[in-house]
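Student: Here it is, the structure, as C-alpha cells.
The values are calculated or read from the model by the stated rules, or taken from the named source; none is laboratory data. Because the structure is predicted, anything quoted here is derived from the model rather than measured. Here the Cβ positions follow ideal geometry from the backbone for every residue, glycine too, while neighbour counts run over all protein chains shown.
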Amino acid sequence: MGRPSKGRQRIEIRRIKDAGRLEVTFSKRKSGLQKKASELFLLCGSPVALVVFSLGKKAFALGTPSVDDVLRRYAPIPGEELDAKLLAVLQDTDDASAIADRAEAEAIVRRTEDTRARSATEKARMDAIGKAVRQAAAKAGRKFWWEADSDQLGEDELPEFAKVLRRLRVNLQRHLDSLSASASARQLHFPDAEDNLTFNDTMIALQLMRTQFPKLDKVVAQPFILQSQLYSSVKDRTQVDRDLESFKKDKVLRIFKLSSGQDDHAIMFMDDYLKQVAFAIKRSGGKDQDGSEVFEWFERYVVPSKLDVSINQIELCSLLSRGGDVTDKHITLLMNAGLLTRQLIDPNIYWFSIPRIGPILKGLSQGRKEILSLLNRRNYKEMLLSSLENTKLRLSPLDTRFLLRDLIGSGHIKTVQTPTGLLARISRD
C-alpha cells in the first residue's frame, strides 16, 4: 500500500540563494514571460514591452511593436511631453501599425499551426507505416525491416516501402563505389566481383566502424576496431576470421592483443598503425636520442615481416639485427615508446601493442561495467536498444554505440526483436 497523500501543501516563497539554481530558474522563467507577452499581444492587440536582467546584468528585451514604441507612450523623451498633438499623432500611427502587425502575426501563427498539424499527421502516418513494416518482418521471423514480407503490407505501406528500398539501394551502391575506390588506392586485388561478396561485407563493416571511432579530448589515437565489434556486425564469424587472416597476410591491417584484462583483440589498418607508431616515436623523444636507430629498424624489418600478435625475443633480435647490433637498450626504447609489451607469463615473449591508448582501454573497461550495471538494475535486465544508445555514460568518455557493439559481439548482451524495436538484454548463457 502506498503512502497516504498529504494533500495540497503551501510552498513558502523565498529567494533562491544557490547561483546555479538561480540561473536555471531565470532561463526558464524568461522564456515563459516572453511567450506570455507575445500571446498577450496576439490575443488582445495591446502593446507590450518586457525587459529582464540576468545575474550578469545582461538585459533581455521583447516589445510589440517595439520596446522603444511602448516606452515612449508612458515615458516620452524629454521635450516630446510638451507637444501633445505630436504625441497623439505618434500614438495613432503606432496603433494603426500595431493592428497591421497583429494581423500579419496572426496570419503567420495560423500558417505555422497549420504546418505543424500537417507535419504531425504525416509523421503519424509514417510511424504507422514503419510499425506495419516492422510487424511484417517480425511475423516472418526476420530481424531487419528490409526483410519484411511484402505480402503482409497494404496499399498505404507498399509505395513507401518501395521508395525507401530504392533509396537504401542507391545509398549502398554509392558507399560500395566509395569503398572500391579506396581499396584500389590501397592496391588491393579484386579478381572477380562474385568472389568478393563476403570480403566486401567484412571490409564494409571495418570501414564503417573506423569512421565511427570515438574522438577523445587530449587523446591522439588512430581508429581501431575491436574484434568483438566486428562479430556483432557480420553474422558469419568463421568468415570474419578467414577475411581477417587474408587481410593480415596482404598487410592491409594488423591485429593486436589488448592489455584490458580480458581476451580482447583490436584491429587497425596498417596505414593508421604506421601513423600511430610515428607519433609514439615523436612523443618518446624522437629519433635524435641515443639508440633511436632501433625505431627505423623496427619499422623497416619487424613490422612488415612479423604479422602475428606476438614475437619472441630471439626472433625480435634477429630481425632488428638486420639494421645493426642489438642491445637491451634498444628493446627498452621500443617498450618505453609503447610499441612492445612484455608477457607476464613468459618474459621472453613480447606483444605488439598500439601506443598511447591507455585512456581508451580505461574507458572501455569502465563503460562495459556501467552499461551492464544499468541493465542489471532493470526489473527484467533489458532495455530498448534505441534508449540505451542515447544514454549518457558518467564513467566512460567512449560512445555508447561503440561499447554496445563490443558487448553484443562478446556475448555479454543479446538483442531480441520486438514490435517496438530491438531489445538489449543481459545474456544468461
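Student: Checking the conditions here, which among Phe279, Phe269 is at pLDDT 90 or above and within 28 Å of Gln227 (Cβ to Cβ)?
Tutor: Numbers: Phe279 fails: at pLDDT 90 or above.
Within the list Phe279, Phe269, the selection yields Phe269.
Student: So, one more: Tell me whether the range 370-386 contains one or more residues that are under 19 Å from Gln262 (Cβ atoms) and not in a helix (DSSP H, G or I).
Tutor: Filtering the range 370-386 down to residues under 19 Å from Gln262 (Cβ atoms) leaves 370-373, 375-376.
Going one step further and asking which of them are not in a helix (DSSP H, G or I), we end up with none.
Scanning the range 370-386, I find no residue that is under 19 Å from Gln262 (Cβ atoms) and not in a helix (DSSP H, G or I), so the answer is no.
Student: Using beta carbons and a limit of 6 Å, which pairs, at least six apart or on different chains, have the first residue in the range 406-427 and of a type in the set (Asp, Glu) and the second one buried (at least 17 other Cβ atoms within 10 Å of the Cβ)?
Tutor: Listed pairs, sorted by first residue: Asp406/Leu226; Asp406/Ser228; Asp406/Gln229.
Student: A follow-up question, please. Taking into account only those residues within the range 352-385 that are under 25 Å from Asp308 (Cα atoms) and of a type in the set (Lys, Arg), which is farthest from the chain's Cα centre (by Cα)?
Tutor: Here the answer is Arg356.
Student: Counting only residues that are under 13 Å from the mean Cα position of the chain (by Cα), within 27 Å of Ile129 (Cα to Cα) and of a type outside the set (S, T, N, Q), how many does the range 386-420 have?
Tutor: The number of residues fulfilling the criteria is 3.
Student: Looking at the range 407-426 only, could you name the residues that are outside any strand (DSSP E or B) and either among the β-branched types (Val, Ile, Thr) or closer than 15 Å to Leu374 by Cβ (or both)? Talk me through it step by step, then tell me what you get.
Tutor: Taking the range 407-426 first, the residues outside any strand (DSSP E or B) are 407-412, 419-420.
Once the filter is applied, which keeps residues that are outside any strand (DSSP E or B) and either among the β-branched types (Val, Ile, Thr) or closer than 15 Å to Leu374 by Cβ (or both), the range 407-426 yields Leu407, Ile408, His412, Thr420.
Student: Touching a residue at least 40 places away in the same chain (Cβ under 8 Å), surrounded by 13 or more Cβ atoms within 10 Å (Cβ to Cβ), aliphatic (A, V, I, L, M) and in contact with a strand residue (DSSP E or B) (Cβ under 8 Å, 6 or more places away or on another chain) - does that describe any residue in the range 336-348?
Tutor: Scanning the range 336-348, I find at least one residue that is touching a residue at least 40 places away in the same chain (Cβ under 8 Å), surrounded by 13 or more Cβ atoms within 10 Å (Cβ to Cβ), aliphatic (A, V, I, L, M) and in contact with a strand residue (DSSP E or B) (Cβ under 8 Å, 6 or more places away or on another chain), so the answer is yes.
Student: Among the numbered criteria (1) within 21 Å of Lys218 (Cβ to Cβ); (2) crowded, with 16+ Cβ neighbours inside 10 Å; (3) outside the structural domain of Phe213 (by TED's automatic domain parsing), which single criterion is violated by Ile371?
Tutor: With respect to (1) within 21 Å of Lys218 (Cβ to Cβ); (2) crowded, with 16+ Cβ neighbours inside 10 Å; (3) outside the structural domain of Phe213 (by TED's automatic domain parsing), Ile371 is out only on (1).
Student: Specify which of the listed residues (Ile354, Ile408) is out of contact with any Lys or Arg (no Cβ under 8 Å at 6 or more places or on another chain) and crowded, with 16+ Cβ neighbours inside 10 Å. Break it down stepwise before answering.
Tutor: Numbers: Ile408 fails: out of contact with any Lys or Arg (no Cβ under 8 Å at 6 or more places or on another chain).
On inspection, the qualifying residue turns out to be Ile354.
Student: Inspect the range 299-313 for any residue being modelled with pLDDT under 95, among the aromatic types (Phe, Trp, Tyr) and closer than 23 Å to Pro223 by Cα and give the result as yes or no.
Tutor: Within the range 299-313 (the criterion being modelled with pLDDT under 95, among the aromatic types (Phe, Trp, Tyr) and closer than 23 Å to Pro223 by Cα), the answer is no, since none of the residues qualifies.
Student: Further question: Could you give me the residue pairs with C-beta distances under 6 Å whose first residue belongs to the range 310-333 and is basic (Lys, Arg), whose second residue is modelled with pLDDT of 90 or more and crowded, with 16+ Cβ neighbours inside 10 Å wherever it lies, and which are 6+ apart or on separate chains?
Tutor: Matching pairs, first to second residue: Arg322/Tyr301.
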